[in-house]
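*Asks:* Just dropping this structure here.
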């Protein structure tokens, strides 16, 4: 081939590369700036806001403070503070007299300490819905708290105490909203149920499952179920320009696994090359050093960033709007922090380690408990297979304590009544915060309701900032009074919005270059 002809081919190839690059850039820009911005317009009458004067604010604040002061702690499935749980039932009747005396509200105690409320609607043709919350809390030792964890102390506009976020605020908030509505003489069109479980923190087997059994026996199905879960996140998702609301449309699965090593005991003066503790420590070290595979893009988490792409600042908006190209980069970034790492993979947590009785005795047995939270694209069997291959030591015995698969993904399209009602209410109460579907990395009582509806949503109606996330199950759990007022307002308006027999219409607005 002549030199001139070779030069011509090179020039042509360079032009093709330039054109391809230009087309790629154009595709990225078009995709980024023509994404629809989702807004919901309400076709029916607008929900009335709760008129929260000084007396009402005092009432709702005192209701939450009193609830926090009752230590309804769940230590395990077989150990709960039953005295406190019984006291909590009496407390509810004292604080919400309208709820317990209204002719349209039926109250039932389930499994001694859980509560089921049926609020009768006037239109029997409308399919009912259900609101869930739970009464129990995780343990909270006094050490490290600014105020005692069961004091309900108010300081600088915050109410402190175990359960302020998880989940007494929702339990008290939904009943407080119903109390306020009943005082106005409100009669719902659509029947709804309120379920308050007493053992969510330790599985919900005695509370929520018994409520489900009662509802199933009555042949009930729900248009949607709402439980605690994700929230309005302010600065939690790095790069977003304003607070965004995430509604959990699924939950990760879970495996609790016991690892056991049995080796001959002996005297510490004559140790073998490897002890039971050493073998087990090496096994759990391999699990921590070899995390489960990154599954970003293989589950529903991509929809979250697709919905919120327009909420990110440049250049993240380009990347989020074009996950088809940038997902490998995004997935690596998300791995960097524990909260976002939980979105992209099955997580591994060593939670309990037991062995040894005396400093000069080599123990016979070493045991560890590991908790895995399963990414929606993985199964229990797949994760167990990876665990066995990672440990790769026959001396380590594996036994499954409990396990369940990731939950079904609830619909979040424009025609789904429950999701759109939630979206409309969130927009109204939280200043138009954009709404996106998300994956709930923890588990809730709602997982027991999968046979009663295909539309289960997990949303806690309060704002979380980065410093608040670690307070859930951690130290200095608190909720601002402003947040709690919004929470009550949310349920107050949600109950009214759900009385419609039409789905709110989503109006699509297009970003302009």
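The values are calculated or read from the model by the stated rules, or taken from the named source; none is laboratory data. None of these values were measured; they are calculated from a predicted model. Quick reminder, even Gly has a Cβ in these numbers, built from the backbone with ideal geometry, and neighbours come from all protein chains shown.
*Asks:* Kindly provide the set of residues from the range 314-324 that are in a helix (DSSP H, G or I), in contact with a helix residue (DSSP H, G or I) (Cβ under 7 Å, 6 or more places away or on another chain) and farther than 18 Å from residue 300 by Cβ, ordered by number.
*Replies:* If the condition is that a residue be in a helix (DSSP H, G or I), in contact with a helix residue (DSSP H, G or I) (Cβ under 7 Å, 6 or more places away or on another chain) and farther than 18 Å from residue 300 by Cβ, then 317, 318, 319 are the ones that fit.
*Asks:* Next question. Among what's in the range 391-408 and is farther than 14 Å from residue 372 by Cα and over 20 Å from the mean Cα position of the chain (by Cα), pick the residue that is surrounded by the fewest Cβ atoms within 10 Å (Cβ to Cβ).
*Replies:* Result: 394.
*Asks:* Related question: Tell me which residues, restricted to the range 378-405, are under 26 Å from residue 300 (Cβ atoms) and either part of a strand (DSSP E or B) or at pLDDT below 95 (or both).
*Replies:* Within the range 378-405, 400, 402, 403, 404 qualify.
*Asks:* Let me ask something additional. Quick check, is residue 95 in contact with a helix residue (DSSP H, G or I) (Cβ under 9 Å, 6 or more places away or on another chain) and surrounded by fewer than 13 Cβ atoms within 10 Å (Cβ to Cβ)? Walk me through how you get there before you give the answer.
*Replies:* Values: in contact with a helix residue (DSSP H, G or I) (Cβ under 9 Å, 6 or more places away or on another chain): yes; surrounded by fewer than 13 Cβ atoms within 10 Å (Cβ to Cβ): no.
So residue 95 fails the test.
*Asks:* Residue 28 passes all but one of (1) surrounded by 16 or more Cβ atoms within 10 Å (Cβ to Cβ); (2) modelled with pLDDT of 55 or more; which number fails?
*Replies:* (2)
*Asks:* Among the helices (runs of 4 or more DSSP H) confined wholly to the range 406-513, which include 3 or more residues that are in contact with a strand residue (DSSP E or B) (Cβ under 8 Å, 6 or more places away or on another chain) and either outside the structural domain of residue 232 (by TED's automatic domain parsing) or over 27 Å from residue 218 (Cα atoms) (or both)?
*Replies:* 417-429, 481-497
*Asks:* For the range 410-440, which residues satisfy the criterion of being surrounded by fewer than 18 Cβ atoms within 10 Å (Cβ to Cβ) and modelled with pLDDT under 95? Even if it seems obvious, please write down each step before you answer.
*Replies:* Of all residues in the range 410-440, those surrounded by fewer than 18 Cβ atoms within 10 Å (Cβ to Cβ) come to 411, 413-415, 431-432.
Selection gives 413, 414, 415, 431, 432.
*Asks:* Can you say whether residue 313 is surrounded by fewer than 16 Cβ atoms within 10 Å (Cβ to Cβ) and either modelled with pLDDT under 95 or assigned by TED's automatic domain parsing to the domain that holds residue 383 (or both), as far as the supplied structure shows?
*Replies:* Here the answer is yes, as residue 313 does meet what is asked.
*Asks:* Same structure, new question: Looking at the range 337-354, which of its residues are buried (at least 18 other Cβ atoms within 10 Å of the Cβ) and assigned to a strand (DSSP E or B)?
*Replies:* Result: 347, 348.
*Asks:* Another question about this same structure. For residue 320, all conditions in the list (1) without any contact (Cβ under 8 Å) to a residue 24 or more places away in the chain; (2) touching a strand residue (DSSP E or B) at 6+ places or on another chain (Cβ under 9 Å); (3) under 30 Å from residue 359 (Cα atoms) hold save one; what is the number of the exception?
*Replies:* (3)
*Asks:* Scan the range 191-210 for residues that are closer than 13 Å to residue 112 by Cα and either outside the structural domain of residue 417 (by TED's automatic domain parsing) or in contact with a strand residue (DSSP E or B) (Cβ under 7 Å, 6 or more places away or on another chain) (or both) and jot them down.
*Replies:* Correct list: 196, 197, 198, 199, 207, 208, 210.
*Asks:* Can you go through 188, 148 and tell me which one is within 16 Å of residue 66 (Cα to Cα), assigned by TED's automatic domain parsing to the domain that holds residue 445 and either surrounded by fewer than 24 Cβ atoms within 10 Å (Cβ to Cβ) or at pLDDT below 95 (or both)?
*Replies:* The unique qualifying residue is 148.
*Asks:* Which condition breaks for residue 362 when tested against (1) modelled with pLDDT of 95 or more; (2) surrounded by 16 or more Cβ atoms within 10 Å (Cβ to Cβ); (3) over 23 Å from residue 306 (Cβ atoms)?
*Replies:* Condition not satisfied by residue 362: (1).
*Asks:* Would the range 356-372 turn up any residue that is over 28 Å from residue 247 (Cα atoms) and free of Cβ contacts under 8 Å to residues at least 24 places away in the same chain?
*Replies:* Yes - at least one qualifying residue is present in the range 356-372.
*Asks:* Out of curiosity, is residue 496 at pLDDT below 95 and over 21 Å from the mean Cα position of the chain (by Cα)?
*Replies:* Answer is no for this residue.
*Asks:* Out of all the residues in the range 48-76, which are in contact with a helix residue (DSSP H, G or I) (Cβ under 9 Å, 6 or more places away or on another chain) and over 23 Å from residue 477 (Cα atoms)?
*Replies:* Within the range 48-76, 48, 49, 50, 51, 52, 56 qualify.
Every residue, every condition in (1) surrounded by fewer than 23 Cβ atoms within 10 Å (Cβ to Cβ); (2) in contact with a helix residue (DSSP H, G or I) (Cβ under 6 Å, 6 or more places away or on another chain); (3) under 30 Å from residue 503 (Cα atoms), yes or no:
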| site | (1), (2), (3) |
| --- | --- |
| 101 | yes, no, no |
| 116 | yes, yes, yes |
| 140 | yes, no, no |
| 171 | no, no, yes |
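*Asks:* Does residue 183 satisfy the criteria of being within 27 Å of residue 97 (Cβ to Cβ), surrounded by fewer than 20 Cβ atoms within 10 Å (Cβ to Cβ) and either modelled with pLDDT of 95 or more or in the same structural domain as residue 455 (by TED's automatic domain parsing) (or both)?
*Replies:* Numbers: within 27 Å of residue 97 (Cβ to Cβ): yes; surrounded by fewer than 20 Cβ atoms within 10 Å (Cβ to Cβ): yes; either modelled with pLDDT of 95 or more or in the same structural domain as residue 455 (by TED's automatic domain parsing) (or both): yes.
Judged against the criteria, residue 183 is a match.
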